[in-house]
1. If each DSSP helix of 4+ residues adds -39,500 (n - 2.57) and the sum is divided by the residues in chain B, what number results at 222 nm, nearest 500 deg cm²/dmol?
2. So how compact is chain A: Cα radius of gyration and Dmax in angstrom?
3. Among B:T22, B:T150, which comes first, then next, by fewest other beta-carbon atoms within 10 Å?
4. Could I have the simple spin-label model distance between A:Q401 and A:E500, label points 7 Å from Cα toward Cβ, reported in nm to one decimal?
5. How far apart, in nm, are the 7 Å Cα→Cβ label points at A:R44 and A:D227?
6. Holding the Cα-Cα limit at 28 Å, pick out from A:K318/B:K19; A:K293/A:K369; A:K413/A:K519; A:K256/A:K369 the pairs that are longer than that.
7. Could you tell me which of rounded, prolate or oblate describes the stretch A:107-389, using a ≥ b ≥ c as the square roots of the eigenvalues of the alpha-carbon gyration tensor, with rounded for a/c under 1.5 and, failing that, prolate when a/b is larger than b/c and oblate otherwise?
8. What's log10 of I(q)/I(0) for the stretch B:131-191 at q = 0.12, 0.15, 0.24 Å⁻¹, Debye sum over Cα points only, no solvent?
Amino acid sequence: MQRAAALVRRGCGPRTPSSWGRSQSSAAAEASAVLKVRPERSRRERILTLESMNPQVKAVEYAVRGPIVLKAGEIELELQRGIKKPFTEVIRANIGDAQAMGQQPITFLRQVMALCTYPNLLDSPSFPEDAKKRARRILQACGGNSLGSYSASQGVNCIREDVAAYITRRDGGVPADPDNIYLTTGASDGISTILKILVSGGGKSRTGVMIPIPQYPLYSAVISELDAIQVNYYLDEENCWALNVNELRRAVQEAKDHCDPKVLCIINPGNPTGQVQSRKCIEDVIHFAWEEKLFLLADEVYQDNVYSPDCRFHSFKKVLYEMGPEYSSNVELASFHSTSKGYMGECGYRGGYMEVINLHPEIKGQLVKLLSVRLCPPVSGQAAMDIVVNPPVAGEESFEQFSRESVLGNLAKKAKLTEDLFNQVPGIHCNPLQGAMYAFPRIFIPAKAVEAAQAHQMAPDMFYCMKLLEETGICVVPGSGFGQREGTYHFRMTILPPVEKLKTVLQKVKDFHINFLEKYA
Amino acid sequence: MASSTGDRSQAVRHGLRAKVLTLDGMNPRVRRVEYAVRGPIVQRALELEQELRQVIRANIGDAQAMGQRPITFLRQVLALCVNPDLLSSPNFPDDAKKRAERILQACGGHSLGAYSVSSGIQLIREDVARYIERRDGGIPADPNNVFLSTGASDAIVTVLKLLVAGEGHTRTGVLIPIPQYPLYSATLAELGAVQVDYYLDEERAWALDVAELHRALGQARDHCRPRALCVINPGNPTGQVQTRECIEAVIRFAFEERLFLLADEVYQDNVYAAGSQFHSFKKVLMEMGPPYAGQQELASFHSTSKGYMGECGFRGGYVEVVNMDAAVQQQMLKLMSVRLCPPVPGQALLDLVVSPPAPTDPSFAQFQAEKQAVLAELAAKAKLTEQVFNEAPGISCNPVQGAMYSFPRVQLPPRAVERAQELGLAPDMFFCLRLLEETGICVVPGSGFGQREGTYHFRMTILPPLEKLRLLLEKLSRFHAKFTLEYS
């Protein structure tokens, strides 16, 4: 019984810093087997166990909030309890959450939100007239003039109109139809919903979904959950993480052997890589999708985060349209945006939208039906999105302050700083951070460290990141969580801490890395 | 990948190629999903509204859309959280400011704009646990077993997702009440799980009969592996409030038959009938002692959308899991983490719902007055609805013991049933469409929730203001009489 109990504990105990599920499920299976021998002495087996649960869910991994972050949480608790460490705080450089790292919300946005939340404030002299106007417009479009009503499942009508107007302006007049706009609970919700509708078939005709490596692990997680086939295409590290259409071709050809590739996902600007696609590249991708009959998903949540002076954001929609009717009437596209990034950083509101192009009308009907089961996205997030797409303009009272607050100069500075500092460290190489909010440097891990990692049943970069966390309190996410070429190691770190703190963090990483190289030489 | 022949030829005619994503090629499970509450009848309602016809949306449990005012204290605290500059304003009571500060301190960067931990802000989860303890007469609740969610729907889907496994004869079966809230059938369709219907007893005010559970389970074992039992209490659409004895019987049944219990309790604050009382499944389970208390797996759900708050648009909710396998619980957290976190304003609202003003707080009097007014009016409307419908020949309405809907049974003449069939419509859908066209009243046909073969119902909310509701009920009754005459 003791052995069984020990097995159960191992099966059900706290995570060791390895992948979810695998070691636990075998321990649990062993435990069950032992327990069955002496049933009358034991608690009966649960209905819902690792063995009996949904295997697709078990296969899901999401590194951004995975084992290393759980470890960071444990360490924070230890610090709170007064346990001495070589550092006084854990620095959460694992997640793209600007406000958590001290970025201030945009004043105008919060004013309009407060007016919507508590309309008594519409009588208050402390709020500018332009904020009140926006709030009234939003409230009038809500059931019972309240953020507390469910909205239409596709989102509040006038907000969808505002989103369409924003897209049209952004794309130099290329028209956007409000009917093609769906507001969502963050961009993640929209991405997950579209993928869900797309996945079908079985065996060799199971839907294949092409994703960049490295990728933002929402994609691999959703693919796992839906039991679709993940088809990797590698971004070119030697070339600033460029997307090479030949690599797309290679990937799709190999995939046709064992699945039905139907979907191509692009993240631009890239996460974790930060590269901003050139216009030519986007055209090539569109042509490839057209040729291979692939549904295009363009994750563009970082469209407001472009730093490199040589780079510009080109929306897939705009380029598609400008490529002429053969493409613009045929290629099916879904583009995504969010309130979580940009200059707003309103992650907690879970605001987002998707614009769908060339979807079959019956599919749009199916899409609304699917969304309707969850009723609607949070209305306060919809309101936040409205302000993002409909900000103060020149001539309005709030324009000046808004313009000052929404400048991204700071992020651009931190992007350059990070790239430069990392490249000074022997054994670290960092591509330019053209956009987004992360560095994804490549790290050299000595053979001895790779062995040590294997002994701990960890990916080498997970081992590295765990050591970094334990010795410096800095929490970053190992490259293995995003995907990388075999034999290469990376980590993703955000550039969100305030400049001085970021400098300290970078210095600490540098010192750690040099020590690490020495230790495992 | 090919679309239907008709599609393709049309596409060719327009110089368009066949689409990648078509009805034939899409996820077949998604195609089977139906959600009547926002289904075809509501689409027709929208068309009529666009023609500037007046439509009364009695199809959805959205109190504020029907004019119910939000609770002042909740919105004050939330506004302070959204725009902390207001903390220096003299126009907000001190207790509201204190609450806002407390919530903000628990947020990353002291802002609602930061992601929270995926299970929800720790402080709020602790407050939820304390609420549960108070509600359940002191029976302990562990904050680690509380997970905040994007409305209750989100958590229900997550738990069901975890449960679905196997294939063919071993595919997970889930017992759901008929009539049910169609989130359940929609989710089971989407997950490819097996729906196992158990019928509530209309003759006995929609009571849940364990014998019927046995019947359903016995038949289900033929073709699936039943692993979960869903109970909605108070019921939706039926409004019945389970007796304590019934809940005990259900728990015993679930334990004996090895079923994971899902208790949808979002209407726990909506109990109207004298003699009815809300008993939480958690409380009853714990009070039943061993072997049930320590072993029966249970997930209970609550929401900010109903009750006296009606804050549907904020998508606040939580699930409390009891006796869940620790490793599975971590899997659940992992699954939630992919979507990062539930909306933080919704979490903040939930916090206020579970820890409202205390009697000594400045805001208490107004809070209590507003809350009682809402609940009293709901109770009056529940009674009025039952009364008016029961006066109409051919309509019979069980007592609306709780929740916010009536689910009356309507007699439809055989000729109307035939006409419906000619049109390819369920008879009660036909009735409801005609009702909508002629009176502007939008209700949801019983076929959207499930009902015994040959019976017809519709679900109507009790949410319009009292006097307006009276007029609507009378109008509907008159329409039914006219409809009956027309098809005699």
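No value in this document is a laboratory result; all are computed from the given coordinates. This is a predicted model, so every value here is computed, not measured. Cβ placement follows ideal geometry from the backbone for every residue including glycine, while neighbour counts extend to all protein chains displayed.
1. So the calculated ellipticity at 222 nm is -13500 deg cm²/dmol.
2. 24.4, 79
3. B:T22, B:T150
4. 2.6 nm
5. Between A:R44 and A:D227, the simple spin-label model gives 2.8 nm.
6. Violating the 28 Å Cα-Cα cut-off are A:K413/A:K519; A:K256/A:K369.
7. Because a/c hits 1.5 or more and a/b exceeds b/c, the stretch A:107-389 counts as prolate.
8. Normalising to I(0) and taking log10 leaves -0.44, -0.65, -1.02.
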